[in-house]
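For reference, the structure is listed below as structure tokens.
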Amino acid sequence: MQVLCRKTIGIYFWMLLLQAFKGTLVASDEFQMIDDRDPLPPATIISTEFQPRTVFEAARCLDWESVEGWHRIRFPEGLLYRSNLAGPKEPRNSIVTTSDREGNIYSDATLGGRVGFLRFGTPGAMYAQGWQWDFEGAVVSRMNHMEEEDLDAADYRFGTSMTCAFGPWSHKFGYSHWSSHVGDELLVRTNSLERINYVTESLVMGTAYQWSEPVRLYGEMAIALKRSGGAKPVQFQVGAEYASRIYNRRGIPFAATNVDALQALNFEPNITVQTGWLWNAHQSGRRMRFGLQLYNGRSNQYSFIAKREQSYGLGLWYDY
């Protein structure tokens with residue numbers, strides 16, 4: 001089992017590396033016919049006389065009361081409601097290695113993503129407007145480096161949502177499933193462990209506001225219609241991000257914070273703070289980030305939800 005776990009970690013690492021390499025190739029291909037100083041790709045140029053550089057400039061040259069420029073687009077590029085950068089449970093590809101106050105070293109690895117299925121709106125990934133139907137899924141696993149990289153736990157999520165974007169505002173409403181699981185190596189090590197079958201089937205709604213070109217604020221709420229394992233109906237999540245979407249070959253700094261609160265924990269806040277360096281793809285809207293993460297709260301693995309954690313470490317994130 002240990003050999004299988006190591007092979008799984010190796011496969012995950014190379015898949016993440018391949019995603020990063022693909023993103024780099026896409027970004028470089030998109031820039032063969034455009035000047036490096038220009039932050040937006042040709043697909044987002046609304047007119048030949050004026051090229052918007054932020055969502056606010058785009059708003060001034062579009063008539064938001066008209067849908068004449070909107071189209072039905074199957075499998076559209078990009079998202080209208082972006083994933084939250086510091087959200088520890090967002091569907092993405094990432095690995096974060098942290099150490100807690102007890103001297104434990106973990107790697108929380110996420111393998112997943114979120115894609116659009118159908119859009120009625122403007123084309124492209126940058127500053128697009130309209131309505132979109134998204135699908136998402138992810139597994140958030142925890143590897144214990146103090147126990148020969150055993151898989152201690154894994155949380156699974158999948159869901160679908162309707163999203164929309166109008167000017168600096170974006171919204172989402174949908175369904176999300178969460179379920180928690182523990183690894184068989186952990187069960188063998190601690191044969192007295194009582195597994196928590198934390199499961200929720202929830203309606204999710206969220207609103208985000210692009211305060212300025214790099215600053216995004218958001219708030220979300222989930223209401224569980226079906227639950228087990230000590231889960232309760234309500235969960236909140238709020239956060240703020242400083243992360244420009246302007247392309248720069250050398251990358252640019254970012255900072256993000258996320259606070260989530262569960263009714264199951266009497267709304268005790270779980271706080272995630274991230275800062276580091278990011279690289280924006282030129283046309284797809286995707287991002288590669290590397291930086292520091294600080295976490296304080298209850299475990300973000302729902303199998304250990306009663307355990308308090310304070311951890312810090314380094315992370316690599318590939319965001320859709």
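Using the alpha-carbon centroid of each, what span in Å lies between the stretch 96-169 and the stretch 178-243?
About 11 Å separates the Cα centre of the stretch 96-169 from the one of the stretch 178-243.
Taking N as the number of residues in the stretch 119-161, what is its Cα Rg relative to 2.2 N^0.38 Å? Please report the intermediate quantities before stating the final value.
Details: Rg = 17.9 Å, N = 43, 2.2 N^0.38 = 9.2 Å.
Against the compact-globule rule of thumb, the ratio is 1.95.
Multiplying the sequence separation of Phe290 and Met221 by 0.36 nm and subtracting their Cα-Cα distance, what value in nm do you get? Present the calculation step by step, with values, prior to reporting the outcome.
Numbers: separation 69, 0.36 × 69 = 24.84 nm, distance 2.79 nm.
Difference between extended and current length: 22.0 nm.
How high is the relative contact order of the stretch 172-225, given as a whole-number percent (alpha carbon pairs under 8 Å, six or more residues apart)?
Numbers: 77 pairs, mean separation 19.9, N = 54.
Dividing the mean separation by the residue count of the stretch 172-225 yields 37 percent.
Tell me, what is the percent relative contact order of the stretch 69-182, built from C-alpha pairs under 8 Å that lie six or more residues apart?
Details: 284 pairs, mean separation 28.4, N = 114.
Relative contact order for the stretch 69-182 comes out at 25 percent.
Just need log10 I(q)/I(0) for the stretch 178-320 at q = 0.09, 0.10, 0.11, 0.19 Å⁻¹, Debye formula, equal scatterers on the alpha-carbon atoms, no solvent, rounded to two decimals.
-0.36, -0.44, -0.53, -1.20
Roll a 1.4 angstrom probe over the protein heavy atoms and tell me the percent of accessible area of the stretch 160-236 that is carbon or sulfur. Present the calculation step by step, with values, prior to reporting the outcome.
Numbers: 2470 of 3810 Å².
C and S atoms contribute 65 percent here.
Efficiency by 1/(1 + (r/R0)^6): what FRET value for Glu148 and Ser228, r their Cβ-Cβ distance, R0 = 35 Å, to the nearest 0.05? Numbers along the way, then the final one.
Numbers: r = 32 Å, r/R0 = 0.91.
Computed FRET efficiency for Glu148 and Ser228 comes out at 0.65.
Could you work out the mean projected area of the convex hull around the alpha carbons of the stretch 279-320, in square nanometres to one decimal? Present the calculation step by step, with values, prior to reporting the outcome.
On the way: hull surface 14.6 nm².
Mean projected area of the Cα convex hull: 3.6 nm².
Keeping every protein chain present and rolling a 1.4 Å probe, give me the accessible area per residue for the stretch 162-307 in Å².
Numbers: 6640 Å² over 146 residues.
Dividing the accessible area of the stretch 162-307 by its residue count gives 45 Å².
Using only Cα positions of the stretch 164-247, each an equal point scatterer, no hydration layer, compute I(q)/I(0) via Debye at q = 0.10, 0.12, 0.24 Å⁻¹ and quote the log10 values to two decimals.
-0.42, -0.56, -1.07
If you average 1/r over every pair of different alpha-carbon atoms in the stretch 252-313 and take one over that average, what Kirkwood value in Å do you get?
Working: mean 1/r = 0.0757 Å⁻¹.
Hydrodynamic radius (Kirkwood, Cα pairs) of the stretch 252-313 is 13.2 Å.
Could you state the principal axis extents of the C-alpha atoms in the stretch 217-264, from the largest down, to the nearest angstrom?
Cα extents, longest axis first: 47, 15, 14 Å.
Highest mean first, what order results for 72-79, 287-294 on Cβ atoms within 10 Å?
Numbers: 72-79: 16.8, 287-294: 18.9.
For the peptides 72-79, 287-294, the packing ranking is 287-294, 72-79.
Using mean Cβ contacts within 10 Å as the protection proxy, how do 107-118, 219-230, 85-96 order, highest first? Don't skip to the end; give the middle numbers.
Details: 107-118: 19.1, 219-230: 15.4, 85-96: 22.6.
In decreasing order of mean packing, 107-118, 219-230, 85-96 become 85-96, 107-118, 219-230.
Take every Cα-Cα pair in the stretch 138-187 and report what % of them are more than 16 Å apart.
On the way: 706 of 1225 pairs.
Across the stretch 138-187, Cα pairs with separations above 16 Å total 58 percent.
Quick one: what do you get for the stretch 188-232 if you divide its Cα Rg by 2.2 N^0.38 Å?
Numbers: Rg = 17.8 Å, N = 45, 2.2 N^0.38 = 9.3 Å.
For the stretch 188-232, the normalised Cα radius of gyration comes out at 1.91.
Along its principal axes, what span do the Cα atoms of the stretch 164-213 show, with the longest given first and each in whole Å?
The principal-axis extents, from largest down, are 55, 24, 12 Å.
Return the sequence-ordered ³J(HN,Hα) values of the stretch 174-184 in whole Hz as given by the Karplus equation 6.51 cos²θ - 1.76 cosθ + 1.60 applied to θ = phi - 60°, using x for Gly and Pro.
Values per residue, Gly and Pro as x: x, 10, 9, 10, 10, 9, 10, 9, 10, x, 5 Hz.
Could you work out the mean projected area of the convex hull around the alpha carbons of the stretch 63-157, in square nanometres to one decimal? Intermediate values should be presented prior to the final figure.
On the way: hull surface 30.4 nm².
Seen from a random direction, the Cα hull of the stretch 63-157 projects 7.6 nm² on average.
The values are calculated or read from the model by the stated rules, or taken from the named source; none is laboratory data. Small disclaimer: the values here were computed from a predicted structure and weren't measured. Counting neighbours? That spans all protein chains shown, and the Cβs are built from the backbone with ideal geometry, glycine included. Just the protein is used for accessible areas: all its heavy atoms, side chains included, with ligands, DNA and RNA removed. Shrake-Rupley method; radii C 1.70, N 1.55, O 1.52, S 1.80 Å.
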